[in-house]
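The values are calculated or read from the model by the stated rules, or taken from the named source; none is laboratory data. Please read these numbers as outputs of a predicted model, since none were measured by experiment. Neighbour counts are summed over all protein chains in view; Cβ atoms, including those assigned to glycine, are modelled from backbone coordinates with ideal geometry.
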Amino acid sequence: MNKINLKYNFLIEIIIIMKIKFIPLGSFCHPKIFLRNEKIEILESLPFDFHSSPNFYSIYHILKKLSSEKNIIHEFKEILYEHDFNISKNTELAVQDNYDMYFLHFFNINDLKSRPSNYPCSAEFLNYSKIKEVQDKFSKRYLFLYDILNNTEDILIFLRIENFSNPSWNEDLKNCIEALQLFKNPNKYMIYSQINIDKELDYFISGKLNFDYGIPVLFHKYQFDESITVNEDENKNFSKLIQVYPNIFNLSVYLKINDILFPFYFDKENNFLVKINDINIIYKIVEFNDKYFNVTYQNKNLIFLKDLNHDYVLVNDC
């Protein structure tokens, strides 16, 4: 199993020079609420925020389609029930879409042409003007997400925090990461919390990220729920999970290769730089200081010089 043990034993500390953006991949609302409460980017609403998506396939099917079509238009199948699971206790509608995602907070009883005698019922009871309004809202959010996923200048940390038991977690995760790899951003990372994952994968037991899925995955065998925003202990537990990657990036060296910055783990014991999102790329350090790195890789000597932006930029490839 491909893993890297990230011990914080570095020669120098580098301030993060790339923007870290957290992107929730559904399940339930509260991971996004947590990010907003803590003012952690991205604060703007994204397409998978504030839904119930217990079917992980909903997310990766949408991502695959988004990669090729650049936008998504939701169609709605059924109104499942009425509820008041919101702060204001207004009567809202749970509406299932064509990807089996549940829109809990975007329709209410005022959006009905007439009140059905019972639920579930056809989405044809919804006013078309309201359907069009919700479709347009999410179309803008998907365009925003598409741009983020193809921006090569940011570090993207995806959050799939499942508040349910998922026996198919392994296959679901593979499919999701395959979909994420269709986008251009080269610095993608995943946090996956699910009660069914194997115990030895848990980062807080192994101390290791996992590289078996194509991008680094921080596993946590735990079932978070709505209490992450109201219960002090659960809030601290979730905050600890969220902070792992920023702590790693704070103690990384950033090298610019072909105009793209990549964080590298600094292995002081072995005098190596290891690319954090691909542990098969290991640079042997020949010499370094705060102005440059001189390394070898695949029988080549690579020189990185610090520029005016404090980036270590590759200036040769020979």
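Odds and ends about this structure:
- Just one residue in the set K32, K21 is closer than 17 Å to M190 by Cα, modelled with pLDDT of 95 or more and not in a helix (DSSP H, G or I); that residue is K21.
- Of the residues making up the range 298-318, those that are polar (S, T, N, Q) and either closer than 18 Å to V274 by Cα or touching an Asp or Glu at 6+ places or on another chain (Cβ under 8 Å) (or both) are Q298, N299, N301.
- Residue that is of a type outside the set (K, R), touching a Pro at 6+ places or on another chain (Cβ under 8 Å) and either under 27 Å from M18 (Cα atoms) or surrounded by fewer than 20 Cβ atoms within 10 Å (Cβ to Cβ) (or both), where the choices are Y57, Y81: Y81
- Taking strands (runs of 3 or more DSSP E) as the structural unit, those lying wholly within the range 188-298 and holding at least 2 residues that are closer than 23 Å to S53 by Cβ correspond to 188-193, 217-220.
- Selection from the range 50-82 of residues that are within 15 Å of A94 (Cα to Cα) and either in contact with a Leu (Cβ under 9 Å, 6 or more places away or on another chain) or aromatic (F, W, Y) (or both): F50, H51, S52, S53, F76, I79, L80, Y81, E82
- Exactly one residue among N90, N71, N86 is surrounded by fewer than 21 Cβ atoms within 10 Å (Cβ to Cβ), assigned to a loop (DSSP other than H, G, I, E, B), modelled with pLDDT of 95 or more and over 15 Å from the mean Cα position of the chain (by Cα), and that residue is N71.
- Reported count of residues in the range 106-132, each being touching a strand residue (DSSP E or B) at 6+ places or on another chain (Cβ under 6 Å), in a loop (DSSP other than H, G, I, E, B) and buried (at least 17 other Cβ atoms within 10 Å of the Cβ), is 1.
- Restricting L182, L218, L209, L156 to residues that are of a type outside the set (V, I, T), under 24 Å from I281 (Cα atoms), buried (at least 21 other Cβ atoms within 10 Å of the Cβ) and more than 14 Å from the chain's Cα centre (by Cα) narrows the list to L209.
- Candidates N309, N299, N289, N294 - the one that is over 24 Å from P216 (Cβ atoms) and modelled with pLDDT of 95 or more: N294
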